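This report concerns only the one structure given below.
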Amino acid sequence: MFDSSKEKAIADLTTRLKLSDDRLKEAIRALAPKHTDIERAEYEAANEENLRLQRELAQLKEMPVAYPLEGVPQWDVGAPMPHVLSSGYRTILLYYVQDIDPNWDGSYVKIRSTSSEEVYRIAVVEFHHCYAYKFGGPNDEVLDRHPLWNSGLEPYSAHRIENSLWIKEEMQINSVHSQFDPEHWQNRKHFLFLFHDELFECIAGGFSVSVQSGSLVDIAQPAFTTIFAD
């Protein structure tokens, strides 16, 4: 049945999102030259409004929606260097946590090596009852071609995907099984992490996080052992 009120709401949101797009573009242009806190605040407000409208419109259209994932430490934007350990049942994601150096003046770039013994803060994210995961491209330079772009995605951020097409596809595949039970899928969630050079996403029941100090190799060793634990 045709729902005129819903169509009207979609049209209204589409118009508001277009105006928000224009506002955001103007705010981005204002950041290009030397700018003040005023231009920065306008950009942040415009971006927040734009993401909110994207999510509202996608939700109204019953499309996938990307929401910020709470409880996940922000990674180093330039060099998060994510690593994945997985056994098919346990899946662990490791990455460098963002640390602000108060002495950094922006005049140099610090090169980081995974083989370095230097101590850093490393996030260890274990996904519980992980059904499947993907790890690799695309990178941040082509995110505007990602299927979930304009549905609430934020670069360099972690997300939970509501109304996930990936989960629906997997449910459809499994539906032919004689013991298929759709209730078993009710607690499964779609998580998406957008790093600098790659992305990580998985379908899992949930996750737990710890932040540990050490070299990446030192932190990865016990995580690797966990993969083989009963």
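The values are calculated or read from the model by the stated rules, or taken from the named source; none is laboratory data. None of these values were measured; they are calculated from a predicted model. Neighbour counts run over all protein chains shown; Cβ positions are idealised from the backbone, glycine included.
Data for the structure
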{"item": "Residue among A79, A41 that alone is exposed (fewer than 13 other Cβ atoms within 10 Å of the Cβ), within 26 Å of the chain's Cα centre (by Cα) and hydrophobic (A, V, I, L, M, F, W, C)", "result": "A41"}
{"item": "Positions within region 198-226 being in a helix (DSSP H, G or I) and crowded, with 18+ Cβ neighbours inside 10 Å, in sequence order", "result": "L216, I219, A220, A223"}
{"item": "Members of region 15-52 that are in contact with a helix residue (DSSP H, G or I) (Cβ under 7 Å, 6 or more places away or on another chain), of a type in the set (G, A, S) and within 22 Å of W149 (Cα to Cα)", "result": "S20, A27, A46"}
{"item": "Single match in A30, A79 (criterion: at pLDDT below 95, part of a loop (DSSP other than H, G, I, E, B) and among the aliphatic types (A, V, I, L, M))", "result": "A79"}
{"item": "Restricting region 186-197 to residues that are of a type in the set (F, W, Y) and in a strand (DSSP E or B), the residue that is nearest to M81 (Cα to Cα)", "result": "F193"}
{"item": "Those residues of region 175-204 which are at pLDDT 95 or above and not charged (D, E, K, R), in sequence order", "result": "H190, F191, L192, F193, L194, F195, L199, F200, C202, I203, A204"}
{"item": "Positions within region 113-133 being modelled with pLDDT under 95 and aliphatic (A, V, I, L, M), in sequence order", "result": "V119"}
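This table checks each residue for (1) loosely packed, with under 15 Cβ neighbours inside 10 Å; (2) aromatic (F, W, Y); (3) not in a loop (DSSP other than H, G, I, E, B).
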{"position": "D144", "(1), (2), (3)": "yes, no, yes"}
{"position": "L153", "(1), (2), (3)": "no, no, no"}
{"position": "S178", "(1), (2), (3)": "yes, no, no"}
{"position": "H184", "(1), (2), (3)": "yes, no, yes"}
